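S.K.: I am attaching a structure below and will ask some questions about it afterwards.
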Amino acid sequence: MLQKYTGVVLHSLKYSDKQNIVHIYTEQEGRMSFLVPVQRSRKSTVRLVLFQPLSIVEFEADVRPKSGLHPIKEAKAWYLFQSLPYDPYKSAIALFIAEFLYRALKEESENRALFGYLVNSIQWLDACDGSFANFHLVFLMRLSRFLGLFPNVEGYTDGAFFDLLNACFVPSQPYHGMFVRPQEAATIRNLIRMNYDTMHLFSMNRMERNRCLDIINQYYRLHLPDFPELKSLPVLQELF
């Protein structure tokens with residue numbers, strides 16, 4: 001049955017000489033996998049270039065209930081990028097976030113709030129003129145709300161430790177080794193409180209930013225089953 005979807009592209013890989021598999025987080029049904037033909041003609045109704053990381057597309061697919069791969073019949077851009085594919089720093093962020101979401105988003109059910117968050121975040125990054133060096137950090141902290149992993153900040157006081165395992169701030173050092181010391185815990189709390197419009201007010205040097213990314217990545221790896229090391233992480237840390 002032909003069905004229409006809007007979705008954010010997470011990942012694509014070669015399936016055969018004629019087709020690629022594309023993983024897309026759709027507004028209507030969450031994460032799904034599709035077959036996209038390798039373009040052979042300019043008149044093709046499905047162009048592979050549309051399915052770049054974090055592209056937002058609308059398309060029609062032949063959905064078969066007992067199949068995990070659904071052929072896409074027609075597709076077009078739902079949102080046209082202004083700068084993201086052409087700015088090396090924004091592109092690096094996009095590759096990292098796409099890989100992160102590909103590993104983190106497993107649900108195959110509708111979550112329009114999460115989809116809206118993804119679309120709004122992508123559009124913000126594409127449209128902003130500068131001061132986006134902390135974008136990926138704020139994005140990941142805010143994403144944790146939608147995945148049920150948002151830390152409990154109620155116990156925070158000056159000098160508190162951040163307990164990575166129990167997702168909360170505690171007044172004394174936990175007995176296990178998965179915690180963040182007070183100075184870095186304060187930085188994590190600041191990131192939790194930020195949004196895209198206020199993050200430029202919080203300045204960090206490259207070492208501090210990379211350390212925060214390591215902490216957030218460790219936090220997700222503790223709480224998401226089988227969450228692997230990300231190939232794009234070192235590239236992002238090198239740029240920022």
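S.K.: Going residue by residue through the stretch 129-136, is there one that turns out to be surrounded by 19 or more Cβ atoms within 10 Å (Cβ to Cβ), modelled with pLDDT under 95, over 30 Å from Ile21 (Cβ atoms) and over 13 Å from the mean Cα position of the chain (by Cα)?
M.R.: yes
S.K.: Among the residues of the stretch 149-169, what is the count of those that are under 20 Å from Asn217 (Cα atoms) and either among the β-branched types (Val, Ile, Thr) or open to solvent by 40 Å² or more (accessible area, probe 1.4 Å) (or both)?
M.R.: 5
S.K.: Select from the stretch 80-108 the residues that are outside any helix (DSSP H, G or I), touching a residue at least 40 places away in the same chain (Cβ under 8 Å) and open to solvent by 40 Å² or more (accessible area, probe 1.4 Å) and write down the one among them that is farthest from Asn20 (Cα to Cα).
M.R.: Step by step, filter the stretch 80-108, then rank; the result is Gln82.
S.K.: Continuing with this model, one more query. Among (1) in contact with a helix residue (DSSP H, G or I) (Cβ under 8 Å, 6 or more places away or on another chain); (2) within 23 Å of Thr6 (Cβ to Cβ); (3) not in a loop (DSSP other than H, G, I, E, B); (4) not hydrophobic (A, V, I, L, M, F, W, C), which single condition is Asn120 missing?
M.R.: Of (1) in contact with a helix residue (DSSP H, G or I) (Cβ under 8 Å, 6 or more places away or on another chain); (2) within 23 Å of Thr6 (Cβ to Cβ); (3) not in a loop (DSSP other than H, G, I, E, B); (4) not hydrophobic (A, V, I, L, M, F, W, C), only one is false for Asn120: (1).
S.K.: Considering the stretch 55-70 alone, what residues qualify as being surrounded by fewer than 16 Cβ atoms within 10 Å (Cβ to Cβ), within 15 Å of Leu2 (Cβ to Cβ) and in contact with a strand residue (DSSP E or B) (Cβ under 7 Å, 6 or more places away or on another chain)?
M.R.: Hits for the stretch 55-70 are Asp62, Val63, Arg64.
The values are calculated or read from the model by the stated rules, or taken from the named source; none is laboratory data. The shown structure was predicted, so the numbers you read here are calculated from the model rather than taken from an experiment. Positions of Cβ are backbone-derived with ideal geometry, glycine not excepted, and every protein chain shown enters the neighbour counts. The area values use the complete protein model at the heavy-atom level, side chains included, leaving out ligands, DNA and RNA. Shrake-Rupley method; radii C 1.70, N 1.55, O 1.52, S 1.80 Å.
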